[in-house]
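The next block holds one structure in the form of structure tokens; read it before the comments.
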């Protein structure tokens, strides 16, 4: 989640928004948003979509980054991560 968090922090700061302002818009604690930005916690998809609007980012770009981080967190220390991803990709393509 570190890359996702770093990205939203950079975009938030670029827009001149304080952590507490964005946290209030999301209706979450400032400490939680701080942990998200440090890559220590994850947030829900709906919150990612709201952050995109708040900080003026492309929703799709943030969702892709967020989802990638979630997948990476699950597979990070798995021996067969690459094989599992290939199987999953085949299943996704069949849909």
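Below are the figures for this structure:
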| item | result |
| --- | --- |
| Filtered residue count, segment 1-23, keeping only those that are surrounded by 19 or more Cβ atoms within 10 Å (Cβ to Cβ) and outside any helix (DSSP H, G or I) | 1 |
| Check on residue 92, surrounded by 14 or more Cβ atoms within 10 Å (Cβ to Cβ), over 10 Å from the mean Cα position of the chain (by Cα) and assigned to a helix (DSSP H, G or I) | no |
| Filtered residue count, segment 35-84, keeping only those that are crowded, with 17+ Cβ neighbours inside 10 Å, without any contact (Cβ under 8 Å) to a residue 12 or more places away in the chain and either in contact with a strand residue (DSSP E or B) (Cβ under 8 Å, 6 or more places away or on another chain) or farther than 17 Å from residue 19 by Cβ (or both) | 0 |
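Every read-out reported here was derived from the displayed coordinates using simple, explicitly stated rules and does not represent laboratory data. Everything numeric here is computed off the predicted structure, so don't read it as measured data. Note that each Cβ is placed from the backbone with ideal geometry, even for glycine, and that neighbours are counted across all protein chains shown.
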